[in-house]
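Please read the structure below before turning to the comments.
What follows is calculated from the coordinates using simple rules that are stated; it is not laboratory data. Predicted model only: the values in this text are computed from it and were never measured. Cβ coordinates were reconstructed from backbone atoms using ideal geometry, including for glycine residues, and neighbour counts include every protein chain displayed.
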Amino acid sequence: MQTQWIESRTLQLEEPKLHIQVELLELEKQRFRWESRRGLAREGIKNSRD
């Protein structure tokens, strides 16, 4: 009986865990885009000084 409860609880916790992982991936994608843009902006400033 306890094993069944543990398995049920594990499945209940899996869904919020997956949502958190999806949110983490979205934030990582956003950070990557920001860093890419910042790098491009720095290159633009560097090139304009030359």
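Based solely on its DSSP helices, what 222 nm [θ] is calculated for the chain when runs of n ≥ 4 H residues each add -39,500 (n - 2.57) and the sum is averaged over all residues, nearest 500 deg cm²/dmol?
-36000 deg cm²/dmol
At 7 Å along Cα-to-Cβ for each site, give me the label-to-label distance between Thr10 and Leu27 in nm.
Calculated label separation equals 2.7 nm.
Under 12 Å from the Cβ of Arg37, count the other residues' Cβ atoms, weight Lys and Arg +1, Asp and Glu -1, and hand me the total.
Summing Lys/Arg as +1 and Asp/Glu as -1 gives +2.
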